[in-house]
1. So if I check each of SER125, SER135, SER144, which one is among the hydroxyl-bearing types (Ser, Thr, Tyr) and closer than 21 Å to VAL205 by Cβ?
2. Can you name the condition, by its number, that ALA59 falls short on among (1) surrounded by 14 or more Cβ atoms within 10 Å (Cβ to Cβ); (2) without any contact (Cβ under 8 Å) to a residue 60 or more places away in the chain?
3. ARG47 fails exactly one of the following numbered conditions: (1) loosely packed, with under 13 Cβ neighbours inside 10 Å; (2) assigned to a helix (DSSP H, G or I); (3) of a type in the set (Lys, Arg). What is the number of that condition?
4. Among the residues of the range 117-132, is any closer than 28 Å to LEU94 by Cβ, in contact with a Pro (Cβ under 8 Å, 6 or more places away or on another chain) and small (Gly, Ala, Ser)?
5. For the structure I just gave you, tell me whether LEU90 is open to solvent by 30 Å² or more (accessible area, probe 1.4 Å) and out of contact with any helix residue (DSSP H, G or I) (no Cβ under 6 Å at 6 or more places or on another chain).
6. Output the number of the condition that VAL54 fails; it satisfies all remaining conditions of (1) touching a residue at least 24 places away in the same chain (Cβ under 8 Å); (2) over 25 Å from ARG193 (Cα atoms); (3) open to solvent by 50 Å² or more (accessible area, probe 1.4 Å).
7. Would you kindly identify the helices (runs of 4 or more DSSP H) lying entirely within the range 51-142 that contain at least 1 residues that are within 30 Å of VAL20 (Cβ to Cβ) and not acidic (Asp, Glu)?
8. Check the range 186-198 and report whether any residue there is among the basic types (Lys, Arg), open to solvent by 40 Å² or more (accessible area, probe 1.4 Å) and either at pLDDT 95 or above or in a helix (DSSP H, G or I) (or both).
Amino acid sequence: MAAYVLLLAVTCLFPPAVAVIASRRVGSAAPVLLGAACFTVTQLCIRIPLLQHVLPLSARYVVFQSTHPVAYMILLALSAGIAEECGRYLFLRLGRQRRPVQGVAFGIGHGGIEAALLVGVSAASLLFRPAFLHSIAPEMFLASAAERLSAMAAHVGLSLIVLRSQRKDSGWLLPLAVVMHALLDLSAALLLRLGAGFWAAEGAVAGFAACILLLSVYLWKPNAKEATI
């Protein structure tokens, strides 16, 4: 039960708490709300409906999905990277976000709403299904909590990378963010397919998230004072 409570805390309590802290640091809730809107629009309103309701209408797509599972996983990972990172670029630009602290807040909003909607809501619903709740191994809750923390860290790092890509000499960082996002998603999927186990998959996600975060810090290092929150 403790593992389940931890998952609830990570997906339902931690995101709004850090969002409030980030908003106070920035002096505005705008970056956090922009990040949340970015995920909602790019994933919930565009990418996921296309994948679940539009593309399956094509017989070729259905055949490709079933006969080329690895290629399909690569397609899914790339589509996630393109949708979210291009959306991140547009929302940051349209929202006139310039400072690293705003990029951090944006990433918190993006990763926080993802954690709450994709995992938190389902986790909370288990409170009304106690029999099913007790049938799930605690390790699954722990792995899900670890995955959400890693994803939120990655979203902060990716937001900083994409924000930095808006500089005239750094346009190459946007495609790099797309590739890194795709590799983050693909690593876990491939490891699970190869039978490596969910802890190996979560370890890969955590490793990629750490690399993304470290790269983002390095890219903004000359402006470390400005990036402090």
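The values are calculated or read from the model by the stated rules, or taken from the named source; none is laboratory data. Because the structure is a prediction, the values reported are computed rather than measured. Cβ placement follows ideal geometry from the backbone for every residue including glycine, while neighbour counts extend to all protein chains displayed. All accessible areas refer to the heavy atoms of the entire protein, side chains included, with ligands and DNA or RNA removed. Shrake-Rupley method; radii C 1.70, N 1.55, O 1.52, S 1.80 Å.
1. Just a single option satisfies the conditions, and that option is SER144.
2. Unmet for ALA59, out of (1) surrounded by 14 or more Cβ atoms within 10 Å (Cβ to Cβ); (2) without any contact (Cβ under 8 Å) to a residue 60 or more places away in the chain: (1).
3. (1)
4. yes
5. Answer is yes for this residue.
6. (1)
7. Where helices (runs of 4 or more DSSP H) fall fully within the range 51-142 and carry at least 1 residues being within 30 Å of VAL20 (Cβ to Cβ) and not acidic (Asp, Glu), they are 69-94, 100-115, 121-125, 130-135.
8. Yes, the range 186-198 contains a residue that is among the basic types (Lys, Arg), open to solvent by 40 Å² or more (accessible area, probe 1.4 Å) and either at pLDDT 95 or above or in a helix (DSSP H, G or I) (or both).
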